[in-house]
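**Q** Provided herewith is a single structure, encoded as structure tokens, for subsequent inquiry.
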Amino acid sequence: MFGKLLSYKQQGSKVDLLFENQKMVIEAFQEQILNVFVPIQSKEHYSKAVDFTKKSEVRLNVNWEDESVIIQTSEITAKVYDEGKIDFYNREGVCCCRDYRMDRIPAPCMSQETKKLMESEGHKVEDEGVPHKIEVVKAMEGDELFYGLGDKTGFLNKRHYVYEMWNTDNPDPQVDNFKVLYKTIPFFLTKRKDCVYGLFFDNTYRSVFNMGKESENYFYYGVDEGNLDYYYIAGDHLTDVLTNYGKLTGTVPVPQLWTLGYHQSRWGYEWESEVRDIAKKLREYHIPCDTIHLDIDYMDNFKVFTWNQERYDDPKQMISDLSNDGFKIVTIIDPGVKLEEGYDIYDTGIKNGYFVRDKEGNVYDNWVWPGTSVFPDFGNPDVRRWWSENQKFLVDMGVRGVWNDMNEPASFHGEIPTDVVFTDEGRVTNHGEMHNVYGHFMAKATYEGLKHYDKRRPFIITRACYSGTQKYSTAWTGDNHSIWCHLQMAIPQLCNLGMSGMPYVGTDVGGFGSDTTPELLTRWVQVGCFSPLFRNHSAKGTRFQEPWAFGNETVNIYRKYVKLRYKLLPYFYDLFYEAEQKGLPIMRPLVLHYEDDVNVQNLNDQFMAGAQIIVAPVVNQGQTMRMVYLPEGQWYDYWTREEEKGGYFLKEAPLDVCPIYVKAGSILPNFPNMEYVGQKEIRQLTLDIFEGEGSYIHYQDDGESFAYQEGEYNQYQFTIHANGVFCVELLHHGYEPMYESFRILYKNREVEIPFCGEKIEMNL
Ligand code: GLC
């Protein structure tokens, strides 16, 4: 396709390469990030993910060497050859990522006859081997492990699997060989024996990632439209690559503190009385809870930005009453607008041309919850502005967060045809290009509306997203089922979302579809209390899933883990501060911190919460004992404080025990018992110290406003030495009130230390 490499021209951090049949641009975004751009459809990037204002000027060394052009930053060397082949080297000169020089050898396509025969029994037959207009085929050397790719099903390591990027609402129970789900994050990390790197393919059209399924010799990316536009991201460790990906596409902003509490949801709480009753029970059973979610039934006939007057006497009053008891209300908003003349959202959208149209110019309709519905053209900034303005209706009611669902976009009468006309900012394009960013733009519009009307940090949950959506919204993994394999899958799925720059994520605790069991719910809450978004949600028609629906044992264990979450809230909040600064996830696979430990590279049933805690939950029915693996070092059992060395061991885990291990030298900040965030003013912070050497940075702000971005926050550094010397230092003082004292838990002792901002050093 490219032909011979003829010449190059360097302009600052950008190199134009001319081949016989094609142009290519290689540009440094930063020292550790190189962009490869082949303008096939347009000269522009049209990126929805990358923030080009963050690009830095990089000094490049560019030369011919033999038959190749060498492009060098201080961190990466790219060698470009004929046919557009590129090899990437790291600082040490290791060739980390090499273009495959031979042709792909796809499995032969099946004959039509064979296909028909198989289809007659209901088999779905797909030809994976079909060539794509744009293909990047990279050599596999045999030691590659792949992580990331968003919310895909299956296991942590994506090697040997194939995935597609096409946001899809498929309510069937998700299994390992699902190729598509709700989200498109075309980014993955590669770990090899002597190097790591990331690749981000920034093209919104439907694309394929074949991670060595077709051959042991290569993995490939394929897409049929748009440009070839990808980023090679270097770093010394996986954590560096993730941080660099965060620089490219943005990081999750610190959320409001209450959003990290427990959320209770169900499709659906249909009546005001039901919502009040759920709130009452949560308090009666002393299950700490901050948020109740209202699914589609709160609306009038599923019409967005309306409230059902029959079922809710006075929603505003209800929200205000619940708020007095510490509850925040989050409401669902779908993109589909009911086609109904006289309904103001529909009428305004029609009048202004805000809905997408078919090729003939007629407003396109399909079917979703409200019946025949039309779809806002979110790529159009005017439409986003209008959608933002509509959030006022919710904010005025007292709603504190918005849950964006069905924004793949889902449509019940077949998928929206790819040629339906959509807008991309000022440009006319089609559904094929905008499909995978529909949820992204909807979340962005919602974010801007909430920010404007509510002023606090917006809380949004989205089902569909694209790379970069983390700047606007959290996400959940959609319609899982109450089955054990979905609890198992939740771990690699959430970890891989974190490894895809999307740290604020969760699964429906207990499972959405099908009926949960007391045991499954109990084991799920033990994982859920460590997942960044902690929400119990279930579908209509399934067994009620609120914790009290299953008897005393379940409710007691459930409470224990929700309380644990509230106790660890300051730890989670600190992790979010780190996530904003460094792009690191909250829930992490062990491989992120122990990348050379072969025992964790494929570990699917354990995870880390930050860098200090390892959780080894039970995810099998009937199991009360499990194998735990801890990486080299000194660890403590969180519950018993018993010491554990690295390695494999058996751990008893009766139903009420989720094995949790804390690294020696950890200092975990704890909040006191509470029913909801803000119930108590916290002037004393408890520090739970695990013997050893370590230091910990703790972050504190008002928990809801944007003032932290202007410096209104405190940062404390706590240090523990092996000899028991403990030190507190205020690194940044911008927020009042500071803590007045610290309560130290150390070696079965309790010490209270008053604090007035001065450095403290003492022997514990
Ligand atoms: C979709 C969502 C689910 C929600 C339901 C009704 O299935 O994924 O969470 O409860 O729609 O709104």
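The values are calculated or read from the model by the stated rules, or taken from the named source; none is laboratory data. Just so we're clear, the structure is a prediction, and the values are computed from it rather than from any experiment. Please note: Cβ atoms are built from the backbone with ideal geometry, for glycine as well, and neighbour counts cover all protein chains shown. Ligands, DNA and RNA are excluded from the accessible area calculation, which covers all protein heavy atoms including side chains. Shrake-Rupley method; radii C 1.70, N 1.55, O 1.52, S 1.80 Å.
**Q** Find the Cα radius of gyration of segment 681-763, compare it with 2.2 N^0.38 Å by division, and give the number to two decimals. Before the final figure, lay out the partial values.
**A** Details: Rg = 13.3 Å, N = 83, 2.2 N^0.38 = 11.8 Å.
With N residues counted in segment 681-763, Rg over 2.2 N^0.38 Å equals 1.12.
**Q** Let me ask another. Need one number: nm distance between label points at E553 and E425, each 7 Å from Cα along Cα→Cβ, rounded to one decimal.
**A** 6.0 nm
**Q** So between R59 and Q623, what do we pick up on full extension, going 0.36 nm a residue minus the alpha carbon distance? Provide the component values of the computation, followed by the final result.
**A** Values: separation 564, 0.36 × 564 = 203.04 nm, distance 5.75 nm.
Difference between extended and current length: 197.3 nm.
**Q** Please list, by residue number, every one of the trypsin sites (Lys or Arg not before Pro) in segment 506-595 that is coil in DSSP and has at most 13 other beta-carbon atoms within 10 Å. Could the numbers behind the result be given before it?
**A** Working: sites: R523, R535, K540, R543, R559, K560, K563, R565, K567, K582; in loops: K540, R543.
Passing sites in segment 506-595 are K540.
**Q** Enter the Cα centre distance for the pair segment 83-137 and segment 321-340, rounded to the nearest angstrom.
**A** Taking the Cα centre of segment 321-340 as reference, the centre of segment 83-137 is 45 Å away.
**Q** A further question on this structure: Which of the three applies to segment 453-549, rounded, prolate or oblate, going by the alpha-carbon gyration tensor with a ≥ b ≥ c and a/c under 1.5 meaning rounded? Spell out each step's value before the answer.
**A** Numbers: a/c = 2.16, a/b = 1.60, b/c = 1.35.
It is prolate, given that a/c is not under 1.5 and a/b is the larger ratio.
**Q** Could I ask something else about it? With every protein chain present, what is the per residue accessible area of segment 633-677 (1.4 Å probe, Å²)?
**A** That works out to 41 Å² per residue.
**Q** How would M110, M299 rank on accessible area, largest to smallest, probe 1.4 Å? If you can, show how the numbers build up before the last one.
**A** Numbers: M110 70, M299 5 Å².
Result, largest first: M110, M299.
**Q** Quickly work out the S7-to-K451 label distance, labels modelled 7 Å from Cα along the C-beta direction, and quote it in nm with one decimal.
**A** Result: 4.5 nm between the two label points.
**Q** Label points 7 Å out from Cα along the Cβ direction at L655 and N599: separation in nm?
**A** Rounded to a tenth, the inter-label distance reads 3.1 nm.
**Q** What does the C-alpha gyration tensor say about the overall shape of segment 93-198? Classify as rounded when a/c is under 1.5, otherwise prolate if a/b is larger than b/c, or oblate. Mind dumping the intermediate values first?
**A** Numbers: a/c = 2.47, a/b = 1.45, b/c = 1.71.
Oblate.
**Q** One quarter of the convex hull surface, Cα atoms only: what value does that give for segment 508-607 in nm²?
**A** Details: hull surface 30.6 nm².
Here the figure is 7.6 nm², rounded to one decimal.
**Q** Something else now. Taking square-rooted eigenvalues a ≥ b ≥ c of the alpha carbon gyration tensor, is segment 228-313 rounded, prolate or oblate, where a/c under 1.5 means rounded and, failing that, a/b exceeding b/c means prolate? Walk me through the numbers on the way to the answer.
**A** Values: a/c = 4.57, a/b = 2.06, b/c = 2.22.
It is oblate, given that a/c is not under 1.5 and a/b is not larger than b/c.
**Q** Moving to a separate point now. Restricting to Cα pairs below 8 Å that are 6+ residues apart, what does the relative contact order work out to for segment 681-763? Please round to a whole percent. The partial results should precede the final answer.
**A** Details: 165 pairs, mean separation 27.2, N = 83.
Relative contact order of segment 681-763: 33 percent.
**Q** F422's amide H: which non-local residues (gap 5+, or another chain) put their own amide H closer than 5 Å, with H modeled 1.01 Å from N in plane and none for Pro or chain starts?
**A** Amide H neighbours of F422: T429, N430, H431.
**Q** Rolling a 1.4 Å sphere over the protein heavy atoms, what is the accessible area per residue of segment 1-249, to the nearest Å²? Intermediate values should be presented prior to the final figure.
**A** Numbers: 10600 Å² over 249 residues.
In whole numbers, segment 1-249 has 43 Å² accessible per residue.
**Q** If you don't mind, another one. Tell me which residues come under 5 Å, amide H to amide H, from T204 once H is placed; ignore anything under 5 positions away on its chain.
**A** HN-HN under 5 Å from T204: empty list.
**Q** Here's another thing I want to ask about it. Please list, in chain and number order, the residues 5+ apart from F19 or on another chain whose amide H is under 5 Å from its amide H, with Hs placed from the backbone.
**A** Under 5 Å from the amide H of F19: L6, M24.
**Q** Between segment 607-664 and segment 362-380, what is the separation of their alpha carbon centroids in Å?
**A** Spelled out, the Cα-based centre of one part sits 49 Å from the other.
**Q** Post the alpha-carbon centroid distance, segment 479-496 to segment 728-750, in whole angstrom.
**A** That distance is 37 Å.
**Q** Something else about it: For K43 and N763, compute 0.36 nm times the residue count separating them, minus their Cα-Cα distance, and round to one decimal in nm.
**A** Working: separation 720, 0.36 × 720 = 259.20 nm, distance 6.42 nm.
Full extension from K43 to N763 adds 252.8 nm.
**Q** Right, something else. Quick one: P(r) of the chain from all Cα-Cα pairs, 10 Å bins, percents rounded to integers, in order of increasing distance.
**A** For the chain, the pair-distance distribution reads 3, 14, 23, 26, 20, 11, 3, 0, 0.
**Q** Next question. So which GluC sites (Glu not before Pro) in segment 656-764 end up in coil per DSSP with only 16 or fewer other C-beta atoms within 10 Å? Before the final figure, lay out the partial values.
**A** Numbers: sites: E675, E681, E691, E693, E704, E710, E712, E729, E740, E750, E752, E758, E761; in loops: E675, E681, E691, E693, E704, E712, E740, E758.
Loop-located and lightly packed - E681, E693, E712, E740, E758.
**Q** State the percentage of accessible surface on segment 1-249 attributable to carbon and sulfur atoms; use a 1.4 Å probe and exclude ligands, DNA and RNA.
**A** 49 percent
**Q** Which of the peptides 269-279, 644-654 is most tightly packed, and how do the rest follow, judged by the mean count of other Cβ atoms within 10 Å per residue?
**A** Result, highest mean first: 269-279, 644-654.
**Q** Ignoring ligands, DNA and RNA, what percent of the accessible area of segment 681-763 is carbon or sulfur (1.4 Å)? Working shown, then result.
**A** Values: 1680 of 4130 Å².
Using a 1.4 Å probe with all protein chains present, segment 681-763 comes out at 41 percent carbon and sulfur.
**Q** Now for a different question. Please go through segment 44-97 and write out the GluC sites (Glu not before Pro) that DSSP classes as loop and that have at most 14 other C-beta atoms within 10 Å. Don't jump to the answer; show the numbers that get you there.
**A** Values: sites: E44, E57, E65, E67, E75, E83, E92; in loops: E44, E57, E67, E75, E92.
Sites meeting the loop and neighbour criteria: E44, E57, E67, E92.
**Q** Which residues in segment 730-758 have a backbone N closer than 13 Å to a point placed 7 Å from the Cα of R683 along the Cα-to-Cβ line?
**A** Backbone N within reach: 737-742, 754-756.
**Q** Provide the gained length on full extension for the span S741 to K116, in nm with one decimal, where the gain is 0.36 nm per separating residue minus the Cα-Cα distance.
**A** On the way: separation 625, 0.36 × 625 = 225.00 nm, distance 7.35 nm.
Working it through step by step, the gained length comes to 217.6 nm.
**Q** Shifting gears a bit: Per residue, how much accessible area does segment 681-763 have with a 1.4 Å probe, in Å²?
**A** Working: 4130 Å² over 83 residues.
Result: 50 Å² of accessible area for each residue.
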